[in-house]
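Here's the structure, in structure tokens; my notes come after.
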Amino acid sequence: MTPSLKVVVAITSPIAFQPLNKNSILHTSLGVAKAFSIETSIDTHLAIAASKENVDLVSDLNCEVLVCDPNSPASFADALKSSQPFDLVAIHDSQRPLTSTTQFHRTLEALIGDVDAVRPAAAFTETLKAVTPEQIIEKTIDRTSMLRISTPEIIRFSAIDFEAGESTWFVPVKTGMKSSTVDADPESMRINSVADIPLMESFVHWQQTIAR
């Protein structure tokens, strides 16, 4: 039996409502999620995870809305538990609007065998320094021990721990579950502040140029 997949765009910051090129950051991310849903052969269902403060801002998007704190794993899991049923969930950060559908497919294809959860990751290339509370550089951190995590995170319903609280994933996962990573594309970088938007817009223009 083919599993059902819920594709959730999580509004993790109010910056999601800022403009990016001709659309908002959220609409751009949602467009990628919709395109992936059309391309994949799996039965998909589109949803948005939004805080109660933002519900009115997404009421016209014609998809299921999960009211929760998308930055709280426990709150997110509770919303998923009471949502429309699914076998797999793909959670995409709204702040990564230029993520390609190729990265979605790559992540889904790695969820095979006994693997319970997959997410994209890239090597950390910057120099990292540990500092004291007084902002004095203490030491250099081995960057080979770090990964830059991207989205979507694709997780089996059976691997979600609905009784737990904290997690390094969008939702708590069960102890002993088997996870994996796939390569993250450079353009799936996250918009962390309004100051990042011009850089993303330059990426959009670059993508449009090479597509001609």
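Summary of values
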read-out: Loop-located chymotrypsin sites (Phe, Trp or Tyr not before Pro) in the stretch 154-188, at most 16 other Cβ atoms within 10 Å (DSSP); value: Phe162
read-out: Helical mean residue ellipticity (222 nm; -39500 (n - 2.57) per DSSP H run of 4+; nearest 500) of the chain; value: -7000 deg cm²/dmol
read-out: Restricting the stretch 29-91 to trypsin sites (Lys or Arg not before Pro) in coil, as DSSP defines it, with at most 15 other Cβ within 10 Å; value: Lys52
read-out: Share, in percent, of DSSP beta bridges within the chain that are antiparallel, nearest 5; value: 40
read-out: The stretch 72-212: C-alpha gyration tensor shape, a/c 1.5 cut-off, then a/b vs b/c; value: oblate
read-out: Burial ranking of peptide ranges 104-112, 192-200 (average Cβ count within 10 Å, highest at the top); value: 104-112, 192-200
read-out: Fluctuation leader among Gln84, Gln95, Gln135 - the chain, Gaussian network, Cα springs under 10 angstrom; value: Gln135
read-out: Within the chain: Cβ-based charge dipole about Cα centre, in debye rounded to nearest 20 (Lys, Arg +1; Asp, Glu -1); value: 360
read-out: Global form of the stretch 15-95, assessed from the alpha-carbon gyration tensor, a/c cut-off 1.5; value: oblate
read-out: Accessible surface, per residue, of the stretch 140-186 when the full set of protein chains is kept, probe 1.4 Å, Å²; value: 58
read-out: Most positive-pole-ward Cα, Phe76, Ala122, Ser180, against dipole of the chain from beta carbon charges; value: Ala122
read-out: Carbon plus sulfur fraction of accessible area for the chain, probe 1.4 Å, in percent; value: 53
read-out: For the stretch 180-200 and the stretch 1-33, distance of Cα centres in Å; value: 14
read-out: Per residue accessible area in Å² of the stretch 1-61, where ligands, DNA and RNA are left out and the probe is 1.4 Å; value: 49
read-out: For the stretch 1-106, size of Cβ-based charge dipole, Lys and Arg +1, Asp and Glu -1, in debye; value: 260
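The values are calculated or read from the model by the stated rules, or taken from the named source; none is laboratory data. Treat the numbers as computed from the prediction; the structure is a model and nothing was measured. Backbone-built Cβ (ideal geometry, glycine too); neighbour counts: all protein chains shown. We work out accessible area using only protein heavy atoms, side chains counted, and drop any ligands, DNA or RNA first. Shrake-Rupley method; radii C 1.70, N 1.55, O 1.52, S 1.80 Å.
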